[in-house]
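Accompanying notes for the structure given below.
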Amino acid sequence: MSSNHAYLRMQGISKSFPGVQALKSVDFAVDRGEIHALVGENGAGKSTLMKILTGALLEDEGQIQLENQIVRINSPADAQQLGISMIHQELSLIPALTVGQNIFLGREPRSRTQVFIDWQELYKQAQALLDQLNVKVDSRANVQDLSIAQRQMVEVAKALSFNADLIAMDEPTSSLTDRETEILFQVMRSFKEKGISIIFISHRLEEVFEIADRITVLRDGEWISTNRIEELDVDQVVRMMVGRKLGELYPKDDIQQQEILLQATNLEDGRELRSVDISLKGGEILGIAGLAGAGRTALVETLFGVRPSVKGQIKIMGRVVRIQHPGHAIRLGMGFVPEDRKLQGLFLNMAVRENLVISALPEISRITFVDFSKAENLAREFVEKLKIRTPNLRQLIRNLSGGNQQKVIIARWLTLKPRILILDEPTRGIDVATKVEIHALMNQLAKDGVAVMMVSSDLPEVLGVSDRILVMRAGRIVAEYSRKEATQDKIMHAATSGRENHA
Ligand SMILES: Nc1ncnc2c1ncn2[C@@H]1O[C@H](COP(=O)(O)OP(=O)(O)OP(=O)(O)O)[C@@H](O)[C@H]1O
Ligand SMILES: [Mg+2]
């Protein structure tokens, strides 16, 4: 396995939570200047292991060594002192503060007298970090005005600012597009050249194979394997992750397409969208591709009434409607799985069961009385269907692993049985096995006549799942391809170049 002069060595790490043993005597070692991927299904224990390394959680058992010295990491401050920094799966930025304030929170550069914060210096240093990452973000901008991808890059800049020797990145690419991921990879490679070690967690195995030197697989809290990346292929890794061979990745049935359920013409939100025409049939899965900032989220949010449309017309099942707010869209038979599920969708302090059935409440309640046994059954059905890993239905959402929280949101909309379902990045942060389940569910919905619209930055997913693909750029739809015509190259070309391409 890893040599005696491993930079970091975690040995026999165990950690239990009520009802779950998240880690069972896990060994994990990282060399200096190595990019070490850590993979496993949702709930396998990856984040827990990293939280122990970075002082956010205490292990029950086990030992951590840095350069053969036993170290105690009892707090994030301890970890920082030891040169370990972390990019969290749940972004930890404070929305109301500026980018620069977030990066230097608690260690702001001071004036010579040490009394005042030297704001000019702070923003200058922050900007230099962002520029180094090629991020087009103003260090004086408020974090709340940034896209998720931009926030992610600010997290990277923050980690960079600690001058760490080891950076744990917990799904840093899950909300990045290919191009942004490429920029991050360049940064990671330059870190590596400087001898900085990186632990890289990702559910996108193609990325892992592109960037990692070694790969460690966890399953059900146990260490399964550590290999050099050349020794394995994607299939083998998947098999170790899920403990069995997976079925076909993108099964696709031919579904008879039906009448148009949603049609928008000349739609504008007064900010990002430019005269968007779109139609969606029952039984169809429509993929929306494009780079971050192309207007994909603006489009789906406008359709669902999250933001008002200022121009154009929307027809639902042939009827002209004015969708003023999401409640209205829901009454019209629409469902929407938003991109930023943490902020918009989950009630973190409520239980899995309540989160699951909250949308279906009108169906399972009579006036003011909720039928709890119905709620229980409905919740149980979807926990099983989506393989949501939770000790029981009463578990608080905030205690589920990241991927499992996302499954709860998707399941919640499925309980509503919408006629039109819009999903914004539905499988972000979801492991391969569950991705297959979610795609199968989307197929099943289409088969049942539901019109499905999916925004995704994961091109293989867009190509694999969609019957038809629209590409957006600068608020417009710039290309349309049938499933047969579409290729990764065509989509990338349309998404990035100035030429319009209507096939
Ligand atoms: N604070 C907590 N309280 C209770 N259970 C927890 C807590 N944190 C994590 N768990 C449980 O520990 C297990 C491992 O979770 P962890 O977050 O480490 O998984 P993960 O591999 O990072 O998954 P994902 O890919 O979904 O992010 C899960 O079953 C999770 O529900
Ligand atoms: Mg995690």
*With all protein chains present, how much of the accessible area of the chain (probe radius 1.4 Å) comes from carbon and sulfur, to the nearest whole percent?*
48 percent
*asked:* Check which residues have an amide H placed less than 5 Å from VAL450's amide H, if you skip close sequence neighbours.
replied: GLY283
*asked:* Multiplying the sequence separation of ASP118 and GLU182 by 0.36 nm and subtracting their Cα-Cα distance, what value in nm do you get?
replied: 19.7 nm
*Quick one: longest stretch of the chain between exposed loop chymotrypsin sites (Phe, Trp or Tyr not before Pro), exposed meaning at most 13 other C-beta atoms within 10 Å and loop per DSSP?*
117-346
*Give the shape of segment 155-298 as rounded, prolate or oblate, defined through the alpha-carbon gyration tensor: a ≥ b ≥ c are the square roots of its eigenvalues, a/c under 1.5 means rounded, and otherwise the shape is prolate if a/b is larger than b/c and oblate if not.*
oblate
_Positive-end residue of THR216, LEU291, SER25, charge dipole of the chain with Cβ unit charges_ = LEU291
*Estimated 222 nm signal from helices in the chain, with DSSP H stretches of n ≥ 4 weighted -39500 (n - 2.57), rounded to 500*: -9500 deg cm²/dmol
*With no solvent and one equal point scatterer placed on each C-alpha of the chain, evaluate the Debye formula and give log10 I(q)/I(0) for q = 0.06, 0.09, 0.11 Å⁻¹, two decimals.*
-0.29, -0.66, -0.99
*How high is the FRET efficiency from SER279 to LEU105, r the C-beta distance, R0 56 Å, rounded to 0.05?*
0.75
_Sort 322-329, 294-301 by packing, meaning the average of other beta carbons within 10 Å per residue, with the highest value first._
294-301, 322-329
*Using alpha-carbon pairs under 8 Å, 6+ residues apart, how would you state the relative contact order of the chain in percent?*
16 percent
*Against the longest principal axis of the chain, how steep is helix 432-447, in degrees 0 to 90 to the nearest 10, with axes from Cα atoms?*
10 degrees
*asked:* Could you derive backbone 3J(HN,Hα) for segment 289-303 from the dihedral phi with the Karplus parameters 6.51, -1.76 and 1.60 (θ = phi - 60°), listing whole Hz in sequence and x where the residue is Gly or Pro?
replied: 10, x, 7, 4, x, 7, x, 5, 5, 4, 4, 5, 5, 5, 4
*Calculate, for the chain, the solvent-accessible area per residue in square angstrom, rolling a 1.4 angstrom probe over the heavy atoms of the protein chains.*
43 Å²
*Quick one: Cα centre-to-centre distance for segment 415-452 and segment 20-85, in angstrom?*
34 Å
_Cα centre as origin, Lys/Arg/Asp/Glu Cβ charges: the chain dipole, Debye_ = 1260 debye
*Using only Cα atoms, find the angle between the long axis of helix 372-385 and the longest principal axis of the chain, and express it within 0 to 90 degrees, rounded to the nearest 10.*
70 degrees
*What are the trypsin sites (Lys or Arg not before Pro) within segment 38-93 that DSSP puts in a loop, where the Cβ has at most 11 other Cβ atoms within 10 Å?*
ARG72
*Two-site FRET efficiency, SER225 against GLN444, from Cβ-Cβ distance with R₀ of 35 Å, rounded to 0.05*: 0.55
*May I ask which residue of VAL408, ILE199, MET492 lies farthest towards the positive end of the charge dipole of the chain, with charges of +1 (Lys, Arg) and -1 (Asp, Glu) on Cβ and the Cα centre as origin?*
VAL408
_Sort ARG468, ARG112 by heavy-atom solvent-accessible area, probe 1.4 angstrom, most to least._
ARG112, ARG468
*asked:* Helix 148-161 against the longest principal axis of the chain: what's the angle in degrees, Cα atoms only, rounded to the nearest 10?
replied: 10 degrees
*What ranking of ILE198, ILE117 comes out by heavy-atom accessible area, probe 1.4 Å, highest first?*
ILE117, ILE198
*Roughly what would the spin-label model give for PHE17 and LYS385, points 7 Å off Cα along C-beta, in nm?*
2.4 nm
*When the Cα centres of segment 257-293 and segment 134-155 are compared, how far apart do they sit, in Å?*
27 Å
*Label-zone membership for segment 19-34, site GLU67, 7 angstrom Cα→C-beta point, backbone N under 13 Å*: 32-33
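The values are calculated or read from the model by the stated rules, or taken from the named source; none is laboratory data. The shown structure was predicted, so the numbers you read here are calculated from the model rather than taken from an experiment. All Cβ positions, glycine included, derive from the backbone under ideal geometry; neighbour counts span all protein chains shown. Accessible surface areas use protein heavy atoms only, side chains included; no ligands, DNA or RNA. Shrake-Rupley method; radii C 1.70, N 1.55, O 1.52, S 1.80 Å.
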